[in-house]
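Chemist: A single structure is presented below for examination.
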Amino acid sequence: PTNCNNGLQFHVASPTCNPGGFDQCFALESVQVITPICATELDRCLNSGGTYGIEKYTFSKVIDLSAWAGCGSDWAISWGLCCRNNAITSLQNPGNQQLYLDTRLNNTFTPCNSSPVFLTNPTPFYCLGQSVSYNPGAFDPDGDSLDFALIPARGANGANLNYANGYSALQPVHNAGGAGSVQLDPVTGTMTVVPD
């Protein structure tokens with residue numbers, strides 16, 4: 001995303017408090033190279049001779065909902081950007097599908113309610129045939145309880161996307177274990193799988 005018209009805009013709405021909602025724009029906070037490679041390897045983000053390169057972009061925005069203080073528990077903050085990477089194998093026609101994310105907010109809590117943060121960088125590389133146990137390190141500064149679930153990949157306006165053969169919302173990583181072999185702990189958020 002480069003500007004508010006190209007990926008930095010998000011929508012804030014509440015059916016109870018503000019049905020039409022309003023739009024806001026993220027600001028770029030930081031860019032960090034997070035490629036999990038050996039120190040002796042070249043990082044593609046830093047050197048064109050590298051094979052792999054992954055950057056973490058952090059965007060932020062403070063939203064003032066004081067005009068609707070205590071109004072509702074149904075706020076939704078949503079964001080979308082076209083298009084997904086064509087190299088994705090788990091979805092049908094990924095290069096023509098929008099990436100869509102949303103979060104829910106209850107502003108009836110006082111004095112305020114902070115969003116959870118993820119303390120672990122995504123692990124982009126897994127070894128075939130080796131068990132992977134990944135936890136996003138979700139932490140809530142207010143001490144609120146968190147629960148985790150796999151949901152379908154979503155595209156434009158939150159519509160569920162179609163998966164390629166052998167994949168589903170509950171089976172997002174192909175593995176030799178068959179149906180049900182991708183396990184997600186609903187309390188800790190740890191996902192365990194043996195990719196094939």
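Chemist: Packing-wise, with mean Cβ within 10 Å as the measure, how do 4-11, 159-166 rank, highest first?
Modeler: Going by the mean number of other Cβ atoms within 10 Å, highest first, we get 4-11, 159-166.
Chemist: Still on this structure, I have one more. If amide H atoms are built 1.01 Å from N in the plane of the peptide, which residues on other chains or at least 5 residues away come under 5 Å of the amide H of A138?
Modeler: L119
Chemist: While we're on this one: Give, rounded to the nearest 20 debye, the magnitude of the charge dipole that the chain has about its Cα centre when Lys and Arg contribute +1 at Cβ and Asp and Glu contribute -1 at Cβ.
Modeler: So the dipole magnitude of the chain works out to roughly 420 debye.
Chemist: If you don't mind, another one. How much length, in nm to one decimal, is gained on full extension between T110 and L46, taken as 0.36 nm per residue of separation minus their Cα-Cα distance?
Modeler: Here the segment from T110 to L46 would lengthen by 18.5 nm.
Chemist: Continuing with the same structure: Applying 1/(1 + (r/R0)^6) with R0 = 30 Å to the Cβ-Cβ distance of W68 and N162, what FRET efficiency is obtained, to the nearest 0.05?
Modeler: 0.25
Chemist: Further question on the same structure: Antiparallel DSSP bridges in the chain: what percent, to the nearest 5?
Modeler: 95
Chemist: Return the single residue from C127, C71, C38 with maximal mean-square fluctuation; model: Gaussian network over the chain, springs between Cα atoms under 10 Å.
Modeler: C38
Chemist: Another question, if that's okay. Please identify the cysteines of the chain that lack any partner cysteine with a Cβ under 4.7 Å from their own Cβ.
Modeler: Result for the chain is C38, C45, C112, C127, no neighbouring Cys Cβ within the cutoff.
Chemist: Putting +1 on Lys and Arg Cβ atoms and -1 on Asp and Glu Cβ atoms, find which of Q130, G95, I151 reaches farthest to the positive end of the dipole of the chain.
Modeler: It is G95, whose Cα lies furthest towards the positive end.
Chemist: Roughly how many Å is it from the Cα centre of region 153-196 to that of region 6-40, as a whole number?
Modeler: About 24 Å separates the Cα centre of region 153-196 from the one of region 6-40.
Chemist: Continuing with the same structure: If you compute percent of Cα pairs over 30 Å apart for the structure shown, which of [x] 30; [y] 34; [z] 24 do you land on?
Modeler: For percent of Cα pairs over 30 Å apart, the calculated option is [x].
Chemist: Rolling a 1.4 Å sphere over the protein heavy atoms, what is the accessible area per residue of the chain, to the nearest Å²?
Modeler: Ligands and nucleic acids excluded, the figure is 63 Å² per residue.
Chemist: Could you give me the ³J(HN,Hα) list for region 147-161, computed from phi with Karplus coefficients 6.51, -1.76, 1.60 and θ = phi - 60°, whole Hz, x at Gly and Pro?
Modeler: Coupling constants for region 147-161: 10, 10, 7, 7, 10, x, 4, 10, x, 3, 6, x, 5, 5, 8 Hz.
Chemist: Leaving ligands, DNA and RNA out of it, report the carbon-plus-sulfur percent of the accessible area of region 58-191 at a 1.4 Å probe.
Modeler: On region 58-191, the fraction of accessible area on carbon and sulfur atoms equals 54 percent.
Chemist: A further question follows. Give me the tail of P(r) for region 67-164 as a percent: Cα-Cα pairs with distance above 20 Å.
Modeler: Result for the distance tail: 57 percent.
Chemist: Based on the Cβ-Cβ distance of A138 and L101, what FRET efficiency does E = 1/(1 + (r/R0)^6) give at R0 = 25 Å, to the nearest 0.05?
Modeler: It comes out at approximately 0.95.
Chemist: What is the extension gain from F59 to A39, computed as 0.36 nm multiplied by their sequence separation minus the C-alpha to C-alpha distance, in nm to one decimal?
Modeler: Answer, rounded to one decimal: 4.4 nm.
Chemist: Return one quarter of the surface area of the convex hull spanned by the alpha-carbon atoms of region 1-97, equal to its mean projected area, in nm².
Modeler: Mean orientational projected area (region 1-97, Cα hull): 9.3 nm².
The values are calculated or read from the model by the stated rules, or taken from the named source; none is laboratory data. Everything numeric here is computed off the predicted structure, so don't read it as measured data. We place every Cβ from the backbone using ideal geometry, glycine too, and count neighbours over all the protein chains shown. The protein model used for the area step is the full one, side chains on, heavy atoms only, and it has no ligands, DNA or RNA in it. Shrake-Rupley method; radii C 1.70, N 1.55, O 1.52, S 1.80 Å.
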